[in-house]
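Just below is one structure, and these are the notes that go with it.
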Amino acid sequence: MNTSLNYAYYPGCSSTGTSIEYDMSSRAVCAALDIKLTDVPDWSCCGSTPAHTVDHSLSSALSARNLDQVASMGLDSCITPCPSCLANLKTAKHRMEDEGFRDKVNNLLDKPANTKIETKSVLQILVEDYGIENIRKKVVKPLTGLVVGAYYGCILNRPAELMQFDDREHPMAMDNIMEALGATVVPFPLKVECCGASFGIPRKDVVMRLSGKLLDTAKSIGAMALVTACPLCQMNLDMRQDQINHANGSHHKIPIFYFTQLLGLALGLTEKELGMNKLCVSPRTLLDFMVNEENIKEKAA
Amino acid sequence: MKVGVFVCHCGSNIEATVDTAAVAAAAREFPGVVFATDTMYTCSEPGQDEIVNAIKEHNLGGIVVASCTPRMHEQTFRRTVERAGLNKYLFEMANIREHVSWIGKDREANTNKSVDLVRMATEKLLRNRPLYSKKFDINKRVLVIGGGVAGIQAALDCADGGLEVVMVEKTSTIGGKMAKLDKTFPTVDCSSCILGPRMVDVAQHPNITLYAYSEIEEINGYVGNFEIKVKKKATYVNWDSCTGCGICMEKCPSKKATDYFNEGIGKTTAINIPFPQAIPKKAKIDPDFCTKLTKGKCGVCAKVCPSGCIDYEMQDEFVTEKVGAIVTATGYDLFDWSVYGEYGAGRYPDVITGLQYERMLSASGPTGGHIKRPSDGKEPKNIVFIQCVGSRDKSVGRPYCTGFCCMYTAKQAILTKDHLPDSQSYVFYMDIRAVGKLYDEFTRRAMEEYDTKYIRGRVSMIYPKGEKLLVRGADTLMGSQVEVDADLVVLAVGAEASAGASELAEKLRISYDSYGFYMEGHPKLKPVETNTAGVYLAGACQGPKDIPSSVAQGSAAAAKVLGLFSKDQLESDPQVSIVDIKRCIGCGKCIQTCPFGAIKEMEFRGMVKADVIETICQGCGICTSTCPQGAIQLQHSTDNQILSEVNALCQF
C-alpha cells in the first residue's frame, strides 16, 4: 500500500457552510487513512452554477485561478469533495485546451493560468489510489445491520468523457465502499437521477417532486439511509426532507449521510469529528441501532 | 504508333470544371498523336462509334480515352478498340473525372492536370504491346459459405441448375437466423413452415454436400480452380450412424448448457440437437458443459445411444474440396447491446432482445409459445419495444440503419396482441422505416388495428420499480416526458457483421467496410460480385438485409455462378508477370515476396530460374519491384512503361 498519498485539497465554498460536515469528515477520514491533504492557498469560489450560466469565460477564469494556485504549490493535480467544483475545475481545464478560449480567459486573470492541472474527487482517489481492499482492512467498527442505498446524483460521473470515473449510468464506487464497511447495500435504481439541484431556490416544486421520488424509492427498496457524495444532493434530501414530506404528504425520516461520514464511523472516528450533529434528519436512532446490532453479533460470536 | 485521343465531357461532370476542347488541342501536339477530339459521352453508342471510325479513318494503332475511372469503363473501351480490329491492350485511360473534375473547382488548374494525365497515358500507350489471353479449364463446383436463408437459396438454385454444391455451415444446423423466427413480416406466415422444406431440400438434393458444424480453414487458388480446406469441428458424435432419435438429450444429466439456438432463453443439455427441425438432425456435445469431457465423469449418452455413435475422443477433421466459384453468405450477428447502461446493460432479466422474444413467441421455443417474463415466469401486460438499439447511433459506433427492426417490431407488437389480447404494447421509435412492398401498410396495421402505442422518442432510462420496470423516455411529438410501467422490455437490437467476418474476408481476399460488412463489386451495378473473381456475396454479410432481399441476392449470386460456369474454359488475364530468363539470377526473392504463391523455381540448362504460374498470378507487381535484376516484369505495367509516365509528368 502506498502510505505516502499527498494531495492538494480544494474544499469549495459549501464546505464552509451547508456541507461543513462533508469537509470535516473528508479531512478526518483522510487523516485516519494517512492521506496527507494540503489546502490550496488562497482558494476562491470555482464559479459554481451562477458563473457558467452567465458566461463560460468568467466561469473558467474563476476555476483557472484556483488551478493556477495548485500549480504554485508545485503540484499537478488536486482533489475536491464537491462534484460541482469538480465539474467546473475539469471543464475549465478542458475548455482551455482551445487556444482562442484560453486567451479570452487569461485576459480576465492577472497572469496566464497553468492549464495542466488534473482534478479528481475525494471518492475517486479513495477508490482508485487508496483502494477499497485497503479500506476494508482499516475497518474497526463495521456498519452492522445498516441497509443503505448509494445515491450519486447526476453530475458526479457525467459527462463520462470529462469525468473519466466509474460508470455513467450505473456507478458502483460508493456501493462498493459501503459493502466493504460491512453495510448491506441495496441497489438504488435512481442512483444517477437529478435531485432538482439548485432549482430549490427558483422552483421549489421541482425539487419537491424529484427529491421526493428519490426518498420514495429509497423507502420502497428498504433503505434505512442514503449516502451521497454531493453537497447539493445531500441538502435537498436532508434539509428539505420536511418540506418534501409537507408538499407530497409523505412521512419520510431517512438519514442522508455523506459517504465520508459512514466511512469515518467504520474507521472508528467519533461522531463529533464527522459532524453527525450537523445533519437535519437525525441519524441518532440509526446510529444506536448499528451499535446495538454489532453488540448482538459480538455476543453471538 | 499513331495515337488517337478522346476527351469526354461526361455531360457536365467533367466539362463543368475542365476545358475538354483545350485538353484535346494540347493532346494534338503530343508526339505520336495524330487525332484528338472532345466528345459529349464517349461511352455512349455514338461515342464508341466515333472511336471505331477514327481508328479506321486515320489508321490509328492505339487509343487514349480521358474520362472516368477505369473501374467504370475500361472494359467497355477495350471492347470498342477490339471491335475496330486492334488488340484490346492498345488502349489507355486517363481518369479526369474522379481524379480531377469531381475534386477541384479551379477550371484552369483542372485543365492543366488533365493535359498532364493525357500526356502520361499517351506515353505509356506508345510502349504498350498486344497481349493475348490464355484459356484454362474450370471446375464447375461451387462452395456456399453459410447455411442461412441466403445461402440455402443460392445452393438450391445452383444445384437445380445442375451444379455440384458444397455447403459449409458454422453451427450444427442450417437455417440461420430465419430458423429462429416465429413469424415473418409483412404476411405473418410461419417462418419455419416456409424455411423448413427448403432446409430439407438442401439435405436431400443429390447435388449438395453439406458440412455442418464446420468452418473454412484455408482458401487457395483462383477463379475456376479454388482449393478449400474445411475444418469439421469435433461433435463427439459419429454423424454417419446418429439417427437423431434424441434419447441422449433426454438422459443427459448436464442440463445447464447455454442454449445458443434459443438465444439463452432457457437452458439445454450438454449433448443436444438445437431444435426439432434441425438439418442435419444430428446430436453434438458442447464440450464446455459435458462433464465427461470437462471432468472425465458421466458417459450416460454413450450408454443410452442405441446406435453407439458417441465418441469422446473425436478430434477436428480436415477435408479438402475443389471448387470453381464461392458464394459467401455468412449473415449477421446481433449488436452487443450491453454497452447501453441506460437500458440496464444486461442487469435486468426482463429486458430482452427481439430475437429472444422471437424464441418466446415460437411454439417450438423454450416457453412453448407463451410470453413469459424471464424473471418470474408471469405473463406481461405492458410490453415496451425500444427501436434503434445499436442502429443509427454514432455514440456506440453504429451510425447505420439496420433496416429491418421497424418491421420486426411491428410484427412482434401484432403477435403480442394475438398471444395476449389484454396486453398493451408501446413502441419507442426514431422514424418508421417501412420501405418495401406492403411494409408501410403493415406498420399502420400494428397501430390502427392492434392498438400499439407508437411514441416518437428515445428512452433515457429503464429502472426497476417493484416487480415492474419503469421506462422513461421523451415523446418528441408532444414535447413531453413519458413514463411507462412495463412488465417486459424488448429491444430491437440492430445487426452487425457476423463474428469472424473479417478473418474470412482475408482468406477470401475480398474487401470489407469499417463495420466488417463485405464490399460488393459496385454499389449499383455489381451487387453480388466482389473484386475477387469467382467470389460472390449473398445476404446480410454484405449489409443488413431482410429475408426477401437476402433471398433475392442468393438467387442473384447463383445466377452469376451459373453464368460463369456456362463456359467450359475461362480466359486468363494476360496482365501477369513474366520472367526474362536471360536476366534472372535465381535469387528467389520474388518467390518469397509473392503473396499468392504464384512463382516457383525451375531448372533451366542446369541453372535455377524463377517461373510464374500465369493462372495464379494476380498482377500485383510486388515481384517486379523486388527483383534486383529487373528480370521479372509485370505485363502492361513494365518498368519502362511506368518510367515513361513519370518522365511525361516531370518533363518541366
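The values are calculated or read from the model by the stated rules, or taken from the named source; none is laboratory data. Model, not experiment: these values are computed from the prediction. Every residue, glycine as well, gets a Cβ built from its backbone with ideal geometry; the counts of neighbours run over all protein chains shown.
Filter the stretch B:339-369 down to the residues that are more than 15 Å from B:S460 (Cα to Cα) and within 10 Å of chain A (Cβ to nearest Cβ), then identify the one that is modelled with the highest pLDDT.
B:Y348
Take the stretch A:211-245 and flag every residue that is crowded, with 19+ Cβ neighbours inside 10 Å, over 21 Å from A:I177 (Cβ atoms) and among the aliphatic types (A, V, I, L, M).
Correct list: A:L215, A:M235, A:I244.
Working only within the stretch A:166-198, note down all residues that are in contact with a Leu (Cβ under 8 Å, 6 or more places away or on another chain) and more than 14 Å from chain B (Cβ to nearest Cβ).
Once the filter is applied, which keeps residues that are in contact with a Leu (Cβ under 8 Å, 6 or more places away or on another chain) and more than 14 Å from chain B (Cβ to nearest Cβ), the stretch A:166-198 yields A:A173, A:M174, A:I177, A:M178, A:L181, A:G182, A:A183, A:T184, A:C195, A:G196, A:A197, A:S198.
Go through the stretch B:48-72 and count every residue that is within 27 Å of B:N531 (Cβ to Cβ) and surrounded by fewer than 20 Cβ atoms within 10 Å (Cβ to Cβ).
4
So A:V206 clears everything in (1) at pLDDT 95 or above; (2) farther than 23 Å from A:L126 by Cβ; (3) within 14 Å of chain B (Cβ to nearest Cβ); (4) crowded, with 20+ Cβ neighbours inside 10 Å except one condition, right? Which one?
The one condition A:V206 does not meet is (4).
Within the stretch B:374-430, how many residues turn out to be outside any helix (DSSP H, G or I) and either in the same structural domain as B:D513 (by TED's automatic domain parsing) or among the β-branched types (V, I, T) (or both)?
6
Select the strands (runs of 3 or more DSSP E) contained entirely in the stretch B:1-96, then report the ones holding at least 2 residues which are over 36 Å from the mean Cα position of the chain (by Cα).
B:3-8, B:33-39, B:62-67
Within the stretch A:1-38, track down each residue that is surrounded by fewer than 16 Cβ atoms within 10 Å (Cβ to Cβ) and within 22 Å of A:L232 (Cβ to Cβ).
A:T16, A:G17, A:I20 - these are the residues of the stretch A:1-38 that are surrounded by fewer than 16 Cβ atoms within 10 Å (Cβ to Cβ) and within 22 Å of A:L232 (Cβ to Cβ).
List every residue pair whose Cβ atoms lie under 6 Å apart, where the two residues are 6 or more positions apart in sequence or sit on different chains, the first residue falls within the stretch B:376-398 and is polar (S, T, N, Q), and the second residue, located anywhere, is part of a loop (DSSP other than H, G, I, E, B) and surrounded by 24 or more Cβ atoms within 10 Å (Cβ to Cβ).
Qualifying pairs under 6 Å: B:S391/B:T402; B:S391/B:G494.
Taking into account only those residues within the stretch A:63-105 that are more than 13 Å from A:V40 (Cβ to Cβ) and without any contact (Cβ under 8 Å) to a residue 24 or more places away in the chain, which is surrounded by the most Cβ atoms within 10 Å (Cβ to Cβ)?
A:R102
Can you name every residue in the stretch B:450-460 that is away from every other protein chain (no Cβ under 12 Å), assigned to a strand (DSSP E or B) and not aliphatic (A, V, I, L, M)?
Hits for the stretch B:450-460 are B:K453, B:Y454, B:R456.
Going through the stretch B:12-57 one residue at a time, which ones are among the small types (G, A, S), closer than 17 Å to B:V81 by Cβ and out of contact with any strand residue (DSSP E or B) (no Cβ under 7 Å at 6 or more places or on another chain)?
Selection gives B:S44 alone.
The rows are residues; the columns are (1) of a type in the set (A, V, I, L, M); (2) assigned to a loop (DSSP other than H, G, I, E, B).
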site	(1), (2)
A:E193	no, yes
A:V206	yes, no
A:S211	no, no
A:L237	yes, no
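So, in the stretch A:176-192, how many residues would count as being without any contact (Cβ under 8 Å) to a residue 60 or more places away in the chain and in contact with a Phe, Trp or Tyr (Cβ under 8 Å, 6 or more places away or on another chain)?
Our first condition is that a residue be without any contact (Cβ under 8 Å) to a residue 60 or more places away in the chain; within the stretch A:176-192, this holds for A:176, A:179-180, A:184-192.
From what is left, the residues that are in contact with a Phe, Trp or Tyr (Cβ under 8 Å, 6 or more places away or on another chain) are A:188-192.
Number of matching residues: 5.
State which residue pairs qualify: first residue more than 14 Å from every other protein chain (Cβ to nearest Cβ) and part of a strand (DSSP E or B) and inside the stretch B:461-488, second residue surrounded by 12 or more Cβ atoms within 10 Å (Cβ to Cβ) and among the aromatic types (F, W, Y) in any location, beta carbons under 8 Å apart, and separation of 6 or more residues or different chains.
From residues that are more than 14 Å from every other protein chain (Cβ to nearest Cβ) and part of a strand (DSSP E or B), the pairs are B:G473/B:F428; B:V484/B:Y426.
Per-residue answers, yes or no, for (1) on the phi > 0 side of the Ramachandran plot; (2) β-branched (V, I, T); (3) assigned by TED's automatic domain parsing to the domain that holds B:G175; (4) in contact with an Asp or Glu (Cβ under 7 Å, 6 or more places away or on another chain):
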{"site": "B:T320", "(1), (2), (3), (4)": "no, yes, yes, yes"}
{"site": "B:I326", "(1), (2), (3), (4)": "no, yes, yes, no"}
{"site": "B:Y340", "(1), (2), (3), (4)": "no, no, no, no"}
{"site": "B:Y357", "(1), (2), (3), (4)": "no, no, no, no"}
{"site": "B:G365", "(1), (2), (3), (4)": "no, no, no, no"}
{"site": "B:G369", "(1), (2), (3), (4)": "yes, no, no, no"}
{"site": "B:K372", "(1), (2), (3), (4)": "no, no, no, yes"}
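May I ask you to list the residues in the stretch A:152-165 that are touching a residue at least 40 places away in the same chain (Cβ under 8 Å), within 13 Å of chain B (Cβ to nearest Cβ) and crowded, with 19+ Cβ neighbours inside 10 Å?
Matches in the stretch A:152-165: A:Y152 only.
Are there any pairs with C-beta distances below 7 angstrom linking a residue in the stretch A:17-28 that is touching a residue at least 12 places away in the same chain (Cβ under 8 Å) to a residue that is polar (S, T, N, Q) and surrounded by fewer than 24 Cβ atoms within 10 Å (Cβ to Cβ), with the two at least 6 apart or on different chains, and if so which?
Between residues of the stretch A:17-28 that are touching a residue at least 12 places away in the same chain (Cβ under 8 Å) and residues that are polar (S, T, N, Q) and surrounded by fewer than 24 Cβ atoms within 10 Å (Cβ to Cβ), the close pairs are A:Y22/A:S15; A:D23/A:S15.
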